[in-house]
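See structure below.
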Amino acid sequence: MNKEVNISEAEWEVMKIIWEKKEVTSKEIIENLSDKKEWKAATIKSLISRLLNKEAITFEKVGKEYIYSASIKEDFAVREESKSF
């Protein structure tokens, strides 16, 4: 899927992790961002939710966990972002 998606600066931080890891749980995203940002888990979960609403990411439920993956390619998102300048 490569439709136009407007991703905020904070959402980019989440997307970078998802692009890097390909498939990731919210726990892994939170752990990774906790080292870099002073965001609470609820903030990160809100960012994940916003990205789901924008259809920038998708999820698959495996047992009790949700596994997130990107539905847009990183190079496409970078090109779209650069068009806004």
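Read the figures in this text as sums done on the coordinates, not as results from a lab. Here the structure is a predicted model, which is why all the values come from computation and not from measurement. Neighbour counts run over all protein chains shown; Cβ positions are idealised from the backbone, glycine included.
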Reach of residue 64 by Cα under 28 Å, taken over lysines that are not fewer than 8 positions away in the same chain: 16, 21, 22, 27, 36, 37, 40, 45, 54, 73
Residue 58 paired with residue 22, simple spin-label distance in nm, labels 7 Å along Cα-to-beta-carbon: 1.6
Trypsin sites (Lys or Arg not before Pro) within region 1-76, DSSP loop, no more than 15 other Cβ atoms inside 10 Å: 3, 22, 37, 40, 64, 73
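For a quick check of your reading of the filter: which GluC sites (Glu not before Pro) in region 1-52 sit in a DSSP loop and have no more than 16 other Cβ atoms within 10 Å?
Filter output for region 1-52: 4, 23, 38.
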In Hz, Karplus ³J(HN,Hα) per residue of region 5-17 (6.51, -1.76, 1.60; θ = phi - 60°; x = Gly, Pro): 10, 9, 9, 6, 4, 5, 5, 4, 4, 5, 4, 4, 5
